[in-house]
1. Quick one: which residue in L28, L85, L97 is within 23 Å of M302 (Cα to Cα) and touching a residue at least 40 places away in the same chain (Cβ under 8 Å)?
2. Does segment 18-25 contain any residue that is touching a strand residue (DSSP E or B) at 6+ places or on another chain (Cβ under 6 Å), at pLDDT 95 or above and within 15 Å of D62 (Cβ to Cβ)?
3. Pick from segment 113-125 the residues that are under 20 Å from D298 (Cα atoms) and not charged (D, E, K, R): which of them is farthest from the ligand (Cβ to nearest atom)?
4. Scan segment 276-309 residue by residue and report those that are more than 21 Å from S150 (Cβ to Cβ), in contact with a helix residue (DSSP H, G or I) (Cβ under 9 Å, 6 or more places away or on another chain) and of a type in the set (V, I, T).
5. Could you give every pair whose Cβ atoms fall below 6 Å, whose first residue belongs to segment 111-124 and is over 18 Å from L183 (Cβ atoms) and part of a strand (DSSP E or B), and whose second residue is more than 10 Å from the ligand (Cβ to nearest atom) and among the hydroxyl-bearing types (S, T, Y), counting only separations of at least 6 or pairs across chains?
6. May I ask you to say which residue of I140, I135 is assigned to a loop (DSSP other than H, G, I, E, B) and β-branched (V, I, T)?
7. Taking L202, is it surrounded by 12 or more Cβ atoms within 10 Å (Cβ to Cβ), part of a strand (DSSP E or B), touching a helix residue (DSSP H, G or I) at 6+ places or on another chain (Cβ under 6 Å) and not acidic (D, E)?
8. Taking Y236 and the conditions (1) touching a Gly at 6+ places or on another chain (Cβ under 7 Å); (2) over 19 Å from L315 (Cβ atoms); (3) among the hydroxyl-bearing types (S, T, Y), which numbered condition does it fall short on, given that it satisfies the others?
Amino acid sequence: MVRIAVLGAGRIGKIHAASVAANPKAKLVAVADPFGDAVRTVAEAHGADAMTDAMEAIARPDVDAVVIGTPTDTHVGLMTRAVELGKAVLCEKPIDLDIAESEKAAANVERLGGKVMLAFNRRFDTTFAEIRRSIDAGRIGEVRQVVISSRDPGMPPAAYVKSSGGIFRDMTIHDLDMARWLLGEEPVLVSAIGSRLVDAPLLEQYDDYDTVMVTLQTASGKQAVINNCREAVYGYDQRVEVLGSTGLLTHDNLRPTTMRLTTAEMTDAQEPLLNFFLERYAQAYRAEMNAFVDAIADGKPMPTTVRDGVLALRLAECAVESVRTGRAVTV
Ligand SMILES: NC(=O)c1ccc[n+]([C@@H]2O[C@H](COP(=O)([O-])OP(=O)(O)OC[C@H]3O[C@@H](n4cnc5c(N)ncnc54)[C@H](O)[C@@H]3O)[C@@H](O)[C@H]2O)c1
């Protein structure tokens, strides 16, 4: 039995607490969050202890592993403490908004031999995992191009934009990880463009963008393109396409059902897309937690690492630099 404390009882902390509670090989020992009401509700729902101090939760002798679902600026401190105490960690993305801080934290984890998994949940989505398996099985030959379309249904609140670190570090980072994973080779060249087409007055304040495209190229010439927009009126659009030398892998967005409506006015009308990430990736969050617990229980390497977190953030930094200079950036 892997005994786990979840740190943070907000949007993602609630999901992780439920995933731990649902895993027969794990026990949710505690949930920690300085907001007493939030933490009590989550902890009580799963019969765990409610705590207000995350550092105390990490230090509990009956805690083997922690899940960090707190605001980004707290990740490094909590992760470092947990690793120093020999606890395994599942840490939300990004490690930190600052690349130098992230690099330092990752080097420290590696020096201490810490078991840290970065929460790139999309790798655990049934469809994306099947695409990766199909590439591994040689079903499309050599990968040539990866096309990722990843669009949110609507702009986040202004307060979120302010502290997000910008679209590349906050949103594109998931797609940069997906691109690295599907390409199977590290990008060496990044170019990006950014526009303010949804809410220019808000984004100008933070030197941020709502609509971006990133292109990546690996040393052998494999290519990826990422399309992000903070607003897609038709819902949460999450698609990838992989072109290989002997075939193409594509898939559809997910909907609550596969029903289609055909009438005199329209044909093939379908229900809206699953909306938003908590619904679309519900299965992936559960599978991500199961993979974390299995890696600890079986003494196997973590399926994603703190290094994956640094490499994705470095690509995000290159994209920021490319938009700023109008030039392609060598990684
Ligand atoms: N992988 C994903 O799909 C995904 C989705 C959403 C958020 N995230 C990441 O998860 C993190 C949290 O995001 P969120 O949307 O859940 O935020 P949130 O604001 O909903 O929740 C964060 C919670 O952490 C608590 N908190 C603050 N400082 C704390 C501390 N020192 N110890 C314990 N709890 C503390 C807050 O009180 C709050 O309840 C961010 O880093 C974000 O980037 C990842």
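1. Exactly one residue qualifies, and that residue is L97.
2. Among the residues of segment 18-25, at least one is touching a strand residue (DSSP E or B) at 6+ places or on another chain (Cβ under 6 Å), at pLDDT 95 or above and within 15 Å of D62 (Cβ to Cβ), which makes the answer yes.
3. G113
4. V293, T305, V306
5. M117/T304
6. Testing whether each residue is assigned to a loop (DSSP other than H, G, I, E, B) and β-branched (V, I, T) leaves just I140.
7. No: the conditions fail for L202.
8. (1)
The values are calculated or read from the model by the stated rules, or taken from the named source; none is laboratory data. This structure is a prediction, so every number in the text was calculated from the model and none was measured. All Cβ positions, even for glycine, are placed from backbone atoms using ideal geometry, and neighbour counts span all protein chains on display.
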